[in-house]
Amino acid sequence: AQTVTQSQPEMSVQEAETVTLSCTYDTSESDYYLFWYKQPPSRQMILVIRQEAYKQQNATENRFSVNFQKAAKSFSLKISDSQLGDAAMYFCAYWGANSKLTFGKGITLSVRP
Amino acid sequence: DTAVSQTPKYLVTQMGNDKSIKCEQNLGHDTMYWYKQDSKKFLKIMFSYNNKELIINETVPNRFSPKSPDKAHLNLHINSLELGDSAVYFCASSQPGIRGVIYNEQFFGPGTRLTVL
């Protein structure tokens, strides 16, 4: 079974600075997707960014980018120019052959003004 | 217009009661899901339906029974509620993908916070 590990429970970043959230996963599959979801206090689940495993190029969405290391099974999220609205819980997730979204335990990101 | 809606948003009830949470999507998706987010914020899939047919059934107590009257609705009925059922329950929908190869984004509802006293 696939597992997703987020080992940092909390992180803090100064407004306008850059922060990197870590995620590792375990799988024997070659075709899969990886995601970062944001859950603000409103509890709405918001897809931040996705990465197809077959793509070597790292995904980017405005201030959000990933560092996808397939061999190392690592998938980190970089948030540039952090804003107060980025404060939330962030979940790393995996989707593969069993068609289930498997989530990590999440990390709470706080942004200091 | 809300894409995936859930009712109610909050539900407080006594142990032993039976309750239902309703979910509706207006996206025309064929696949719907129920997720449970526990008190430690851990999010896990419970069920998945595709065109009213049960596709995924995780290790969930029999007290939980999903019902899909049509492909736009997936309701969750919980019998004999226990303290441990207190959680946030999320409904989601998507078009079906191809296992591991084609993923179609899942759109989540706002969640229903269930508190069992």
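Can you check what the net charge comes to around A:P113, using other residues whose Cβ is under 15 Å from the Cβ of A:P113 (Lys, Arg +1; Asp, Glu -1)? Walk me through the intermediate numbers first.
Details: positive: A:R112; negative: A:E15, A:E17, A:D81, A:D86.
Local charge sum for A:P113: -3.
Rolling a 1.4 angstrom probe over the protein heavy atoms, how many square angstrom per residue are accessible across chain A? Please report the intermediate quantities before stating the final value.
Details: 5340 Å² over 113 residues.
Using a 1.4 Å probe on heavy atoms only, each residue of chain A averages 47 Å².
Looking only at A:S22, A:S82, A:S42, which one moves most when chain A is put into a Gaussian network model with springs between Cα atoms under 10 Å?
Looking only at A:S22, A:S82, A:S42, the largest GNM fluctuation is found for A:S42.
Chain pair B, A: how much accessible area is buried, both chains summed, with a 1.4 Å probe, in Å² to 100? Show your work: numbers first, answer last.
Details: alone 6850 and 6420 Å², together 11130 Å².
The buried area between B and A, both sides summed, comes to about 2100 Å².
For the stretch B:60-117, give the percent of accessible area contributed by carbon and sulfur heavy atoms, probe 1.4 Å, rounded to a whole number.
Values: 1390 of 2410 Å².
The value for the stretch B:60-117 is 58 percent carbon and sulfur by accessible area.
Explain nothing, just compute: Karplus ³J(HN,Hα) = 6.51 cos²θ - 1.76 cosθ + 1.60, θ = phi - 60°, for every residue of the stretch A:80-94 in order, whole Hz, x for Gly and Pro.
With coefficients 6.51, -1.76 and 1.60, one gets 9, 6, 3, 10, 4, x, 7, 4, 4, 8, 10, 10, 8, 9, 10 Hz.
In the stretch B:72-117, what residues drop by 20 Å² or more of accessible area when the other protein chains are put back, versus the chain on its own? Use 1.4 Å, and skip ligands and nucleic acids.
Residues shielded by partner chains are B:F90, B:R99, B:G100, B:V101, B:Y103, B:E105, B:Q106, B:F108, B:P110.
Let me make sure I get this right: for chain A, a, b and c are the square roots of the gyration tensor eigenvalues over alpha carbons, sorted descending. Under 1.5 in a/c it's rounded, otherwise prolate if a/b > b/c, else oblate. Which is it?
Working: a/c = 2.01, a/b = 1.63, b/c = 1.23.
It is prolate, given that a/c is not under 1.5 and a/b is the larger ratio.
Could you name the aspartates and glutamates in cross-link range of A:K55, using Cα to Cα under 19 Å and dropping any fewer than eight places away on the same chain?
Output for A:K55: A:D26, A:E29, A:D31, B:E105.
Which length gain, in nm to one decimal place, applies between B:K52 and B:N26 when the Cα-Cα distance is subtracted from 0.36 nm times their residue separation?
Numbers: separation 26, 0.36 × 26 = 9.36 nm, distance 1.52 nm.
Result: 7.8 nm gained on full extension.
Considering protein heavy atoms only and a 1.4 Å probe radius, which residues within the stretch A:38-62 exhibit an accessible-area decrease of no less than 20 Å² in the full assembly relative to the chain by itself?
Residues of the stretch A:38-62 that lose at least 20 Å² of accessible area once the other chains are added: A:Q39, A:R43, A:Q44, A:M45, A:L47, A:R50.
Using the heavy atoms of the protein chains and a 1.4 angstrom probe, tell me the accessible area per residue for the stretch B:4-116 in square angstrom.
Values: 5390 Å² over 113 residues.
I get 48 Å² per residue for this part.
Keeping the other protein chains in place, figure out the carbon and sulfur percent of the accessible area of the stretch A:33-113, with a 1.4 Å probe. The partial results should precede the final answer.
On the way: 1720 of 3510 Å².
About 49 percent, which is the carbon plus sulfur part of the accessible surface.
Sort all Cα-Cα distances of chain B into consecutive 10 angstrom bins from zero, then give the percent of pairs in each bin up to the one containing the longest distance.
15, 49, 30, 6, 0
In the stretch A:20-113, which trypsin sites (Lys or Arg not before Pro) fall in coil by DSSP and have 12 or fewer other Cβ atoms within 10 Å?
Those that pass, being in a loop and sparsely packed, are A:K55.
Starting from the stretch A:1-88, pick out the chymotrypsin sites (Phe, Trp or Tyr not before Pro) whose DSSP state is loop and whose Cβ has at most 11 other Cβ atoms within 10 Å. Mind dumping the intermediate values first?
Details: sites: A:Y25, A:Y32, A:Y33, A:F35, A:W36, A:Y37, A:Y54, A:F64, A:F68, A:F75; in loops: A:Y32, A:Y54.
Filter output for the stretch A:1-88: A:Y54.
Toward the positive end of the charge dipole of chain A, about the Cα centre and with charges on Cβ (Lys, Arg +1; Asp, Glu -1), which of A:Q6, A:Y32, A:T20 goes farthest?
With unit charges placed on the Cβ atoms, the residue in question is A:Y32.
The values are calculated or read from the model by the stated rules, or taken from the named source; none is laboratory data. All values reported here derive from a predicted model rather than from experimental measurement. Because the Cβ atoms are built from the backbone with ideal geometry, glycine has one as well, and the counts that use them run over all protein chains shown. What goes into the accessible areas is simple: the full protein's heavy atoms, side chains included, and nothing from ligands, DNA or RNA. Shrake-Rupley method; radii C 1.70, N 1.55, O 1.52, S 1.80 Å.
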